[in-house]
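Enquirer: My questions will all concern the structure given below.
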Amino acid sequence: MEVLIRESAEAGCRLAAKVIARVVREKPDAVLGLATGRTPLLLYRELIRLHREEGLSFRGITTFNLDEYVGLPATHDQSYHWFMRENFFRHVDIDPAHTHVPDGTAADLQAECRRYEERIATAGGIDLQLLGLGRNGHIGFNEPTGSLRSRTWIKILSEQTLRDNSTVFGSFDALPRHAITMGIGTILDARRLLLLAFGPAKLRATVDMIEGPLAARCPASALQLHPRATVVLDEPAAAGLQYADHYRWIDRHKLDWQRYE
Ligand code: GLP
């Protein structure tokens, strides 16, 4: 796992934007897996800036989002459809027809899950999957102790995740209890992973993910199985890592072609 520690979330997001911009420039028809949450907000802002000021074009890009709440239509301001449109898609030149978010209102949710997997396969698979990290170690909406080989499916959200997300949602009771999410197996199929974790609330999950055993109690530890996973942390999220100095050493001694900035 490539672990990159930066002094702040802002610096981490600038770095992550460079990683994504390089993929987009090298492969203008790349397939990107995208994530929602507070963590990638500054990253999307930076990508929008690169689009406006440095001509970064998303015209040929296809996207697949990790997850969506069950029951929320795309017009609901807490849906991930809405989040992506407001925070990224409508500010860049991406073709809306090439953006995919699971449909949490589908009459047949199981069929929607199978369709989502098929659409990813038809697009040629995901070149780079962006990920956030839940405080309990979840990625997408894959909660602790779920299968490490799961595919896109309907998941019941843990109480902790509901409480964490209700600060955004406004009310615990109003939050849907179910979500459609890419599975861990779906995520591991991406050719590259880029996970961002910022702030002290992610410290424990960050340690478990990077230095803990591969274990279903920390779904993000599945990244240890991926041949090309990059993790970007700020100092507070990295504060519990036993090998932090080693990661900084590696970062300082990279060959030029291994650097992003
Ligand atoms: C949510 C999302 C995840 C996200 C995580 C962290 O439940 N399903 O994709 O990475 O929680 O959210 P945040 O970035 O707001 O801390």
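None of the figures in this text is laboratory data; all of them are computed from the coordinates on show. Predicted model, so just to flag it, every value in this text is computed and none were measured. FYI the Cβ positions are ideal-geometry reconstructions off the backbone, even for glycines, and counts take in every protein chain you see.
Enquirer: Can you bin every Cα-Cα distance in segment 24-168 into 10 Å intervals starting at zero and give me the percent of pairs per bin, rounded to whole numbers?
Expert: 11, 41, 36, 12, 0
Enquirer: Per residue and in cubic angstrom, what volume does the convex hull of the Cα atoms of the chain have? Can you show the working numbers first?
Expert: On the way: hull volume 30.6 nm³, N = 261.
So the per-residue hull volume is 117 Å³.
Enquirer: Another question, then. In nanometres, what is the gap between the two model label sites at residue 256 and residue 7, each 7 Å from Cα along Cα-to-Cβ?
Expert: Placing both labels 7 Å beyond Cα along the Cβ direction yields 2.6 nm.
Enquirer: Semi-axes of segment 5-51's equivalent ellipsoid from the Cα gyration tensor, sqrt of 5 times each eigenvalue, largest first, rounded to whole Å? Write down the numbers at each step before the final one.
Expert: On the way: eigenvalues 70, 29, 18 Å².
Over the Cα atoms of segment 5-51, the ellipsoid semi-axes are 19, 12, 9 Å.
Enquirer: In debye, nearest 20: dipole of the chain around its Cα centre with unit charges on the Cβ of K, R (+) and D, E (-)? Intermediate results must be reported in sequence, preceding the final value.
Expert: Details: 32 positive and 33 negative charges, 70 e Å.
My answer is approximately 340 debye.
Enquirer: Rg to Rh ratio, segment 138-260, alpha-carbon atoms and Kirkwood radius?
Expert: On the way: Rg = 15.8 Å, Rh = 15.8 Å.
Rounded to two decimals, Rg over Rh is 1.00.
Enquirer: Which lysines does residue 254 reach when only Cα atoms under 23 Å apart count, and residues fewer than 8 places away in its own chain are ignored?
Expert: The qualifying lysines are 18.
Enquirer: Computed from the mean reciprocal separation of all distinct C-alpha pairs, what Kirkwood hydrodynamic radius does segment 52-101 have, in Å?
Expert: 11.7 Å
Enquirer: Can I ask one more? Return the whole-Å distance between the Cα centroid of segment 131-164 and the Cα centroid of segment 1-71.
Expert: Using only Cα atoms to place each centre, the spacing works out to 21 Å.
Enquirer: Could you work out [θ]222 nm for the chain from helices alone, using -39500 (n - 2.57) per DSSP H run of at least four and dividing by all its residues? Round to the nearest 500 deg cm²/dmol. Working shown, then result.
Expert: Working: 9 runs with 92 residues, N = 261.
The per-residue figure over the chain is -10500 deg cm²/dmol.
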